[in-house]
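The structure appears below as structure tokens.
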Amino acid sequence: MVTQFGPRRYRVSHVTRYSYDDVLEACYNRGLLRPRETPHQQVLSSTVVATPPSDEVSTHTDYFGNHSVYLESRAPATELTISATSVVAVDWVAPDLAGLDAWTVSDAAEAILGSADPVELAEFTLPSPLVAIGPMIRDYAGEVLAPDRRFGEAVAALLHRIHADFSYRQGATSVKTTLSELLELRQGVCQDFAHLAVGCLRAAGLPARYVSGYLETIPPPGKEKLRGADATHAWASVLTPTGEWVDLDPTNDNFADSRYIVTAWGRDFSDVSPLRGVVFTEAGSSDLVVEVDVQPLPLDDPELPAI
């Protein structure tokens, strides 16, 4: 995948539709659906709407600084739709890998240990619910993130190695798949590869977080982009001795560029699920449909909010 930097604007639509074979008596949902403000991303507008309309809506910023919305509905219905629409301005900068080579992996870990916030350091360096760091992970990480290897070179090598070693295959794994099982399967989806990258970086003593968001996709030549055909995406991010974070996407063998839109980050997927909740119903079966659109917008559109 060829990297693409420079300013861009997008309209992101994320629609989640639940259908039941009996009436919903009540439902309570919490979602991380509004993109974050970051050094490379500005949110120009964002709305979250439920159908039927929610009886109660509240928002707050969660522990990791993500935008969280709570939606409560007590209207009888057999279908619930939650639609999030955001307009974002994005302008990523290419990581300075040559500059990061001023440190070895062990030097970088030591420098970060001496300068980073102790709480943040613990959150993103210790194992987390979906990122267990066992012997298999340490062995795999050790082959790429050797202590005396140049830091920038090692991060790039980890990105390329995971992409080369694993095949993308939907349905091969689930949220319950462990990293050890993933290493044996050698196939999975973006969530798995992001968890693996995070686990390897932490095994080397480097703080790493799991990032959830979106990626602009391009249809094959001669084909039109299908409405709702995009998807949520996940990648990893590592803290550097300069205090900056470098985002790497092993699924696409790419450092994050201006096609990447950040929604939330945390220790792993369990911290940043886009939508979760509880429903009260006698329904025996249900159906879930998720439609995502990432639509590029002109930078000079006069109808968009100014940056």
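Screening Ser58, Ser115, Ser83 for residues that are surrounded by 15 or more Cβ atoms within 10 Å (Cβ to Cβ) and either among the hydroxyl-bearing types (Ser, Thr, Tyr) or out of contact with any strand residue (DSSP E or B) (no Cβ under 9 Å at 6 or more places or on another chain) (or both) leaves exactly one candidate, Ser83. Kindly provide the set of residues from segment 53-67 that are in a strand (DSSP E or B) and more than 18 Å from Cys27 (Cβ to Cβ), ordered by number. Of everything in segment 53-67, those that are in a strand (DSSP E or B) and more than 18 Å from Cys27 (Cβ to Cβ) turn out to be His60, Thr61, His67.
Considering (1) of a type in the set (Lys, Arg); (2) part of a loop (DSSP other than H, G, I, E, B); (3) modelled with pLDDT of 95 or more, the lone condition that Arg138 does not fulfil carries the number (2).
Residues in segment 103-116 that are outside any helix (DSSP H, G or I) and either within 19 Å of the chain's Cα centre (by Cα) or without any contact (Cβ under 8 Å) to a residue 24 or more places away in the chain (or both): none.
A single entry from Val289, Val262, Val279 fulfils the requirement of being assigned by TED's automatic domain parsing to the domain that holds Gln42, buried (at least 16 other Cβ atoms within 10 Å of the Cβ) and either outside any loop (DSSP other than H, G, I, E, B) or under 18 Å from the mean Cα position of the chain (by Cα) (or both): Val279.
State whether the residues of segment 88-101 include one that is touching a His at 6+ places or on another chain (Cβ under 6 Å) and either in contact (Cβ under 8 Å) with a residue 12 or more places away in the chain or among the polar types (S, T, N, Q) (or both). Quick ask: steps written out before the conclusion?
Initially, segment 88-101 is screened for residues touching a His at 6+ places or on another chain (Cβ under 6 Å), giving 91-92.
Of the ones still in play, those that are also either in contact (Cβ under 8 Å) with a residue 12 or more places away in the chain or among the polar types (S, T, N, Q) (or both) are 91-92.
Checked against the condition, which is being touching a His at 6+ places or on another chain (Cβ under 6 Å) and either in contact (Cβ under 8 Å) with a residue 12 or more places away in the chain or among the polar types (S, T, N, Q) (or both), segment 88-101 yields at least one hit.
For segment 68-100, a residue qualifies if it is under 26 Å from the mean Cα position of the chain (by Cα), assigned to a loop (DSSP other than H, G, I, E, B) and not aromatic (Phe, Trp, Tyr), and the qualifying residues are Asp91, Val93, Ala94, Pro95, Asp96. Selection over segment 265-276 of residues that are within 26 Å of Ser115 (Cα to Cα) and assigned to a loop (DSSP other than H, G, I, E, B) gives a count of 2.
Within segment 160-189, residues that are in a strand (DSSP E or B) reach partners that are among the charged types (D, E, K, R) with beta carbons closer than 6 Å, at six or more positions or on different chains, in the pairs Gln187/Arg169.
Among the residues that make up segment 70-80, is at least one of them touching a strand residue (DSSP E or B) at 6+ places or on another chain (Cβ under 8 Å), of a type in the set (Val, Ile, Thr) and within 23 Å of Val211 (Cβ to Cβ)? No, there is no match, as no residue in segment 70-80 is touching a strand residue (DSSP E or B) at 6+ places or on another chain (Cβ under 8 Å), of a type in the set (Val, Ile, Thr) and within 23 Å of Val211 (Cβ to Cβ).
Inside segment 243-257, residues that are under 24 Å from Gln187 (Cα atoms), in a loop (DSSP other than H, G, I, E, B) and not small (Gly, Ala, Ser) make up a count of 4.
The values are calculated or read from the model by the stated rules, or taken from the named source; none is laboratory data. The structure displayed is predicted, hence computed values, not measured ones. Using ideal geometry, Cβ is built from the backbone for each residue, glycine included, and neighbour counts are taken over all protein chains shown.
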